[in-house]
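Notes to accompany the following structure.
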Amino acid sequence: MNAQLKIAGQSPELLGLDSILVGSLPATLMTDDAPDRYTVEAVFTRKTGRDEVAAIQSSQTRDYLSDRGFSTVELHVSDRRLEIANTNLEELRDGLAAVIADRLAEISVTLMADREVAAHRFQDASDREQERAARVAALAGSVAFTRRSVAVSDDAERIDDWVEEGGAVRL
């Protein structure tokens, strides 16, 4: 019997980003009033799971970005969007987008492996429990509530002997 764990919202495909929400960008981009850094919203390729959101927003991800030269960038998940704060389109184009894509793939692969290990552990525990239950049932089935055959020392004969020896008065 193989048990498969289906976790709601989880997909076997790697988590990625599809496109940038242009409407969420500052209206002053490519003007003299454009900010140097701002938040860019990108759309995920699929719905994220809670464990994925936690990993994306974790200190490990902050360290990952920092180690690759993006120490000011912050990631936050909002519904089906990734908010990439303290960046700009040029920085994303010139390498940050690839770094984020790599991190999302790494998170997906790690979490899939963790889920696979958990599924195997669950299956092993289930198999062990089924085997234990079968052994208990077999042991319980081996119990027989029957009388043991005892060498009959005919109680009636013993009573008659006792009576004949004067142990009781017959009426």
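The values are calculated or read from the model by the stated rules, or taken from the named source; none is laboratory data. Since this is a predicted model, take the numbers as computed values, not measurements. Neighbour counts are summed over all protein chains in view; Cβ atoms, including those assigned to glycine, are modelled from backbone coordinates with ideal geometry. Ligands, DNA and RNA are excluded from the accessible area calculation, which covers all protein heavy atoms including side chains. Shrake-Rupley method; radii C 1.70, N 1.55, O 1.52, S 1.80 Å.
Report whether or not residue 110 is farther than 20 Å from residue 41 by Cβ, of a type in the set (Val, Ile, Thr), touching a residue at least 40 places away in the same chain (Cβ under 8 Å) and part of a helix (DSSP H, G or I).
Judged against the criteria, residue 110 is a match.
Would you point out which residue out of 120, 76 is touching a Leu at 6+ places or on another chain (Cβ under 8 Å) and open to solvent by 80 Å² or more (accessible area, probe 1.4 Å)? Before you say what the answer is, go through the steps one by one.
Numbers: 120 fails: touching a Leu at 6+ places or on another chain (Cβ under 8 Å).
So the residue among 120, 76 that is touching a Leu at 6+ places or on another chain (Cβ under 8 Å) and open to solvent by 80 Å² or more (accessible area, probe 1.4 Å) is 76.
Among the residues of the range 36-46, is there at least one that is within 23 Å of the chain's Cα centre (by Cα), β-branched (Val, Ile, Thr), surrounded by 14 or more Cβ atoms within 10 Å (Cβ to Cβ) and farther than 17 Å from residue 24 by Cα?
Within the range 36-46, one or more residues are within 23 Å of the chain's Cα centre (by Cα), β-branched (Val, Ile, Thr), surrounded by 14 or more Cβ atoms within 10 Å (Cβ to Cβ) and farther than 17 Å from residue 24 by Cα.
Go through the range 83-102 and count every residue that is open to solvent by 30 Å² or more (accessible area, probe 1.4 Å) and touching a Phe, Trp or Tyr at 6+ places or on another chain (Cβ under 7 Å).
Adding up the residues that qualify gives 0.
Somewhere in the range 162-170, is a residue of a type in the set (Phe, Trp, Tyr), more than 18 Å from residue 57 (Cα to Cα) and either modelled with pLDDT of 95 or more or surrounded by 10 or more Cβ atoms within 10 Å (Cβ to Cβ) (or both)?
For the range 162-170, residues of a type in the set (Phe, Trp, Tyr), more than 18 Å from residue 57 (Cα to Cα) and either modelled with pLDDT of 95 or more or surrounded by 10 or more Cβ atoms within 10 Å (Cβ to Cβ) (or both): present.
Using the structure shown, decide if residue 148 is surrounded by 10 or more Cβ atoms within 10 Å (Cβ to Cβ) and among the basic types (Lys, Arg).
No; evaluated as a whole, the condition is false for this residue.
From 102, 94, 124, grab the single residue that is at pLDDT below 95, more than 16 Å from residue 49 (Cα to Cα) and among the charged types (D, E, K, R).
Testing whether each residue is at pLDDT below 95, more than 16 Å from residue 49 (Cα to Cα) and among the charged types (D, E, K, R) leaves just 124.
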